[in-house]
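Values in this text are rule-based calculations from the coordinates and carry no lab data. The shown structure was predicted, so the numbers you read here are calculated from the model rather than taken from an experiment. Cβ: placed from backbone, ideal geometry, glycine included. Neighbour counts: every protein chain shown.
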Amino acid sequence: MRISKFFILLPVVALFAIMPACTNLEDIVEDGRGEDVVDNVLPLPPDAAAALRGVYDQVTGLASQDNTFALLEHSSDEMMGPTRGTDWSDFGVWRQLHTHDWDASHSFVLSGWNQLNSGVFQATRALAAAGSNARVAAEARFMRAYFMYLVTDLYGSVPFREATEGILTIPKVFTRSEATDFIIADLTAAMPNLPNYQDVNPGVANKDAANALLAKVYLNKAVFTAANPAGPYTFAAPDMQKVIEHADAVINSGRFQLTPYWDNFTADNSTKSREMIFAIVNSPGNSRGNLQSRHRMTTHYNQNPSGWNGFTTIADFYNKWSASGSGDVRKSAAIPGVTDVSGLRAGFLEGQQKDQNGNNLTDRGGNPLAFTVDVDLLYSNERQGVRCIKYPPDFTNVDNPGNDYILLRYADVLLMKAEALFRTGNAGGARDIINQIRTHRGATAITATLTADNILDERGYELYWEGWRRNDQVRFGQFLKAWYAKPQSNERAVLFPIPQIALDNNPNLKQNPGY
């Protein structure tokens with residue numbers, strides 16, 4: 001019902017990314033500028049900087065509620081899209097993600113694949129066009145690494161075509177381990193020529209973003225190189241030291257600090273947040289990507305702003321918050337300029353919802369609009385399910401909000417360092433970092449011996465609905481476990497299937513185990 005597009009007609013660049021040979025392309029193919037392809041090779045963009053801007057534009061798709069974001073979040077234990085009568089049925093696409101019953105024909109499996117591989121291919125073309133422009137080349141390498149990281153995480157295998165290869169050439173395919181090495185090499189090569197963070201806005205690839213992404217890669221290297229994608233995983237000490245090294249490069253730069261939590265997500269986060277390392281930069285009236293979906297996908301029709309009455313969290317995740325302490329502002333907070341304007345709070349919305357004057361809201365049938373923890377995946381009414389507002393609406397322009405959309409954040413870097421310390425036997429140092437964050441958020445400090453569950457829970461408290469939960473659950477061995485309306489999953493679920501159209505057109509691709 002609320003799917004923005006199914007990618008039934010694939011963009012030209014996506015076609016080049018997944019389809020190596022097609023007889024109707026053998027004579028003449030155009031690259032969008034009216035120039036004929038010579039010897040089946042797509043001409044390089046004449047303007048490398050413009051090509052790079054196209055790569056940055058590609059990342060804005062991650063701010064929509066479907067496609068890649070749906071794969072990252074709806075497959076985890078912190079987001080669910082229940083069917084409400086005839087609303088949100090959508091041929092079962094949301095339910096299948098929640099129950100891990102997807103297959104190679106799932107629409108978001110295909111659209112996410114196209115979205116990410118198009119980013120890789122566009123970045124490769126921008127890199128090839130950069131010539132002697134070292135900065136453009138460095139930014140293109142970073143963006144290629146960012147997109148390839150997500151392909152590696154979600155799908156395992158990564159098709160790859162050099163910009164100078166003919167469009168009829170069958171793309172090579174990197175294994176998950178090979179892709180990991182390629183990403184590290186790209187980021188390492190890019191680092192010297194990336195701009196300094198303080199010289200650009202956080203929407204531009206920069207040295208701190210590269211260090212943060214390298215920390216992310218090394219933290220997940222055990223997962224990406226495991227013989228069995230479902231584990232067990234061996235977190236090598238040298239890899240964890242690399243996490244600490246790259247995290248420290250960000251931490252010791254002095255450019256970042258923990259910010260009052262909701263200042264990271266409000267409409268004025270571009271000026272208030274000191275945590276944004278890499279983001280989609282927006283301004284009121286010029287929102288890049290479907291950022292309004294971040295509140296409309298969850299709020300009820302009768303709330304302000306009116307929403308689509310869709311996504312919720314589930315009791316398994318919501319009930320964890322009882323251990324975070326009653327003062328934890330991350331759970332729920334009144335936001336000036338939002339709550340006093342509409343009654344809407346940030347964080348989780350449970351119980352009776354009110355307008356800005358404290359009056360009780362009702363649903364469309366006149367029932368009290370009281371959101372319940374209990375929710376039915378198949379047969380929910382309008383009121384069931386705890387909702388979540390991670391990016392409070394920008395009431396200066398609700399449809400095109402000015403909130404910057406965060407992709408890499410300082411608190412995540414701190415948590416990655418804490419996890420690496422824990423995995424190398426320094427539980428005390430890890431607890432100190434986590435308590436630094438918890439104290440800043442108003443949560444109760446951890447005094448007992450730190451456990452792996454504590455770290456996973458803290459990542460959930462801090463980073464919920466930011467696109468990292470699936471990745472974290474896989475790494476901690478929790479992704480296949482049962483939660484509401486999902487029994488224990490088959491091991492195949494730790495990777496999504498390769499879309500059938502990609503398999504049909506690239507014999508170098510092999511389907512992931514279990515599909």
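Please give the Cα centre distance for region 104-144 versus region 449-464, rounded to the nearest Å.
Here the two parts' Cα centres lie 32 Å apart.
If only Cα atoms are counted, what is the Rg of region 292-392, and what is its Dmax, in Å?
Calculated on Cα positions, Rg and Dmax stand at 12.9, 36 Å.
Could you work out [θ]222 nm for the chain from helices alone, using -39500 (n - 2.57) per DSSP H run of at least four and dividing by all its residues? Round to the nearest 500 deg cm²/dmol.
Computed mean residue ellipticity for the chain: -11500 deg cm²/dmol.
Largest first and in whole Å, what are the equivalent-ellipsoid semi-axes of region 358-493 based on the Cα gyration tensor, each being the root of 5 times an eigenvalue?
Taking √(5λ) for each eigenvalue gives 32, 22, 16 Å, largest first.
Starting at the first residue of region 45-59, write each ³J(HN,Hα) from the Karplus equation 6.51 cos²θ - 1.76 cosθ + 1.60 with θ = phi - 60°, in whole Hz, x for Gly and Pro.
Values, residue by residue: x, x, 10, 5, 5, 5, 4, 5, 4, x, 5, 4, 4, 4, 6 Hz.
Semi-axes of the equivalent ellipsoid for region 99-251, please: Cα gyration tensor eigenvalues, times 5, square-rooted, ordered largest first, whole Å.
25, 23, 14
Report the gain in length on full extension from S283 to Q488: 0.36 nm times residue separation, minus Cα-Cα distance, nm rounded to one decimal.
Details: separation 205, 0.36 × 205 = 73.80 nm, distance 4.32 nm.
This chain segment gains 69.5 nm when fully extended.
Take the Cα atoms of region 205-277, find their three principal axes, and give me the spread along each one in whole Å, biggest first.
45, 24, 21
Which of D457, D394, D87 has the fewest other C-beta atoms within 10 Å, and how do the rest follow up to the most? Walk me through the numbers before you get to the answer.
On the way: D457 19, D394 26, D87 16.
Going from least to most buried by this count: D87, D457, D394.
Relative to the longest principal Cα axis of the chain, at what angle does helix 176-190 sit, 0 to 90 degrees, rounded to 10?
Its long axis makes an angle of about 90 degrees.
Could you size up the charge dipole of the chain around its Cα centre, putting +1 on the beta carbon of Lys and Arg and -1 on that of Asp and Glu, and report it in debye to the nearest 20?
On the way: 46 positive and 55 negative charges, 208 e Å.
Taking the Cα centre of the chain as origin, the dipole is about 1000 debye.
Return the whole-Å distance between the Cα centroid of region 71-90 and the Cα centroid of region 218-239.
Rounded to whole Å, the Cα centres lie 30 Å apart.
What do you get for Rg/Rh of region 397-476 when both radii come from the Cα atoms and Rh is the Kirkwood radius?
1.04
For region 499-509, in order, what is each residue's ³J(HN,Hα) by Karplus, 6.51 cos²θ - 1.76 cosθ + 1.60 with θ = phi - 60°, in whole Hz (x at glycine and Pro)?
x, 4, 5, 5, 4, 5, 10, 9, x, 6, 7
Along the charge dipole of region 378-513, pointing to its positive end and built from +1/-1 on Cβ of Lys, Arg, Asp and Glu, which listed residue (Y410, Q500, A448) has its Cα farthest out?
Highest projection toward the positive end goes to A448.
I'd like the Karplus ³J(HN,Hα) series for region 227-243: coefficients 6.51, -1.76, 1.60, θ = phi - 60°, whole numbers in Hz, and an x wherever there's a Gly or Pro.
4, 10, x, 8, x, x, 10, 10, 8, 5, 4, x, 5, 5, 5, 5, 4
Using the alpha carbons of the chain, what is the convex hull volume per residue in cubic angstrom, as a whole number?
Here the figure is 138 Å³ per residue.
If you average the alpha carbon positions of region 301-349 and of region 278-297, how far apart do those two centres end up, in angstrom?
That distance is 19 Å.
Arrange the peptides 114-122, 433-441 so that the one whose residues have, on average, the most other Cβ atoms within 10 Å appears first.
Going by the mean number of other Cβ atoms within 10 Å, highest first, we get 114-122, 433-441.
Inverting the mean 1/r over all pairs of different Cα atoms, compute the Kirkwood radius of region 213-330 and quote it in Å.
Value: 18.3 Å, from the Cα pair sum.
Between R135 and D316, what FRET efficiency comes out of the Förster formula 1/(1 + (r/R0)^6) with R0 = 35 Å and r the beta carbon distance, rounded to 0.05?
Step by step, r from the Cβ atoms, then E = 0.15.
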